[in-house]
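S.K.: First, the structure itself, so that you have it in front of you.
The values are calculated or read from the model by the stated rules, or taken from the named source; none is laboratory data. Quick caveat, the model's predicted, so the values are computed rather than measured. Cβ: placed from backbone, ideal geometry, glycine included. Neighbour counts: every protein chain shown. Protein only, heavy atoms only, side chains kept; ligands, DNA and RNA dropped before computing areas. Shrake-Rupley method; radii C 1.70, N 1.55, O 1.52, S 1.80 Å.
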Amino acid sequence: MNLSCKLILLLAFSILLGSCTLVDVSDSPLIICLNFDDGYQEVYQNALPILGKYGIKATCFVNSGTVGEPVIMTWEELSELKNTHGWEIGAHGYSHPNLSELSLEEARAEIELDLFLFRDKGFDPKSFALPYGICPQDYLSLIRARYQNIRSTNDLAMHRPIDRLNLSYFPFHHGWTAQIIQDRILQAMADKEALLIIGFHQVGASENWQDCAPATLEQICRFIAKKGLKTMTIREAMKEF
Ligand SMILES: [Zn+2]
């Protein structure tokens, strides 16, 4: 084979490889939901501009009883996230309770007061994230009666049909590189998972076990955008299933 033949073959191979990569990306059914739990002010300050740059909207799970406290977002900031940026504000219990330590009546009060306060402030949350991922089986009906979507803290692969009352998630841990999240996304794509919820808490420079540095969050967002994956709030994603 002469040199020009080799070059033509090489070119054809590159084009084929390029189109395969393209097909792999556009054919992925995976929907990514980014979640930010506990209402940290750093989410408004640091995460919002990064996600905005990549056209990503997220779901924030907020404890209504802590809104406006130091390091926690205010109602005005939450309204801006929702109304200006299209983010979803979900409920997470009035005071981030461990529901397994409460009586049924105490649990009911936590959940009812939380929803009352959200509605009073002009929010209508449809998604609820279990605080600590814990809820006694008997109390689940309290949440199911009020919310359409319930997120737990397991990381189980989510394929169709999606159980919207038991959504899994993959939480970021401080000290992790973006690569760990990227690998989980690649795994979800390879396994044809339908939905992957990636969880964050603080987005700053603290040593807290949940903190994600803004630069790491940006790397993750850039990766998602580069892969051409769909990103949605949980509420939006559930309309797809
Ligand atoms: Zn939480």
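S.K.: Determine the pairs where a residue that is over 20 Å from Ile32 (Cβ atoms), located within the range 75-88, has a partner that is of a type outside the set (Asp, Glu) and assigned to a helix (DSSP H, G or I) with Cβ atoms under 8 Å apart, the partner being 6 or more residues away or on another chain.
M.R.: So the pair list comes out as Glu77/Gln41; Glu77/Tyr44; Glu80/Tyr44.
S.K.: Does at least one position in the range 141-148 carry a residue that is of a type in the set (Ser, Thr, Tyr), free of Cβ contacts under 8 Å to residues at least 60 places away in the same chain, open to solvent by 30 Å² or more (accessible area, probe 1.4 Å) and away from the ligand (no atom under 16 Å from the Cβ)?
M.R.: Yes, the range 141-148 contains a residue that is of a type in the set (Ser, Thr, Tyr), free of Cβ contacts under 8 Å to residues at least 60 places away in the same chain, open to solvent by 30 Å² or more (accessible area, probe 1.4 Å) and away from the ligand (no atom under 16 Å from the Cβ).
S.K.: Within the range 152-160, identify whether any single residue is open to solvent by less than 70 Å² (accessible area, probe 1.4 Å), touching a strand residue (DSSP E or B) at 6+ places or on another chain (Cβ under 7 Å) and at pLDDT 95 or above, and answer yes or no.
M.R.: Checked against the condition, which is being open to solvent by less than 70 Å² (accessible area, probe 1.4 Å), touching a strand residue (DSSP E or B) at 6+ places or on another chain (Cβ under 7 Å) and at pLDDT 95 or above, the range 152-160 yields at least one hit.
S.K.: Go through (1) surrounded by fewer than 14 Cβ atoms within 10 Å (Cβ to Cβ); (2) of a type in the set (Val, Ile, Thr); (3) closer than 23 Å to Thr153 by Cβ and name the single condition Val43 misses.
M.R.: (1)
S.K.: May I ask you to list the residues in the range 167-186 that are closer than 12 Å to Ile197 by Cα and open to solvent by 20 Å² or more (accessible area, probe 1.4 Å)?
M.R.: Phe170, Pro171, listed by residue number.
S.K.: Continuing with this model, one more query. Could you check Gly93 against (1) of a type outside the set (Val, Ile, Thr); (2) more than 18 Å from Glu236 (Cβ to Cβ); (3) within 16 Å of the chain's Cα centre (by Cα); (4) within 15 Å of the ligand (Cβ to nearest atom) and say which number it fails?
M.R.: (3)
S.K.: Right, something else. When the residues of the range 125-140 are filtered to those that are open to solvent by 10 Å² or more (accessible area, probe 1.4 Å) and away from the ligand (no atom under 14 Å from the Cβ), which remaining residue is nearest to the chain's Cα centre (by Cα)?
M.R.: Lys126
S.K.: Within the range 103-114, does at least one residue satisfy the condition of being more than 28 Å from Trp75 (Cα to Cα), away from the ligand (no atom under 14 Å from the Cβ) and in contact with an Asp or Glu (Cβ under 8 Å, 6 or more places away or on another chain)?
M.R.: Checking the range 103-114: at least one residue is more than 28 Å from Trp75 (Cα to Cα), away from the ligand (no atom under 14 Å from the Cβ) and in contact with an Asp or Glu (Cβ under 8 Å, 6 or more places away or on another chain).
S.K.: Which numbered condition trips up Gly228, out of (1) within 21 Å of Trp87 (Cα to Cα); (2) surrounded by 15 or more Cβ atoms within 10 Å (Cβ to Cβ)?
M.R.: (2)
S.K.: In the list Gly93, Gly68, Gly55, which residue meets the criterion of being part of a loop (DSSP other than H, G, I, E, B), surrounded by fewer than 19 Cβ atoms within 10 Å (Cβ to Cβ), out of contact with any Ser or Thr (no Cβ under 7 Å at 6 or more places or on another chain) and modelled with pLDDT of 95 or more?
M.R.: None of the other options fit; the residue is Gly55.
S.K.: When residues of the range 178-235 are filtered for being among the small types (Gly, Ala, Ser) and assigned to a loop (DSSP other than H, G, I, E, B), how many remain?
M.R.: 6
S.K.: Still on this structure, I have one more. Go through the range 164-220 and count every residue that is hydrophobic (A, V, I, L, M, F, W, C) and within 16 Å of the ligand (Cβ to nearest atom).
M.R.: So the count comes out to 9.
S.K.: On the given criteria, is His159 within 16 Å of the ligand (Cβ to nearest atom) and without any contact (Cβ under 8 Å) to a residue 40 or more places away in the chain?
M.R.: no
S.K.: Quick check on the range 71-90: of everything there that is in a loop (DSSP other than H, G, I, E, B) and under 16 Å from Glu236 (Cβ atoms), which residue is most open to solvent (accessible area, probe 1.4 Å)?
M.R.: His85
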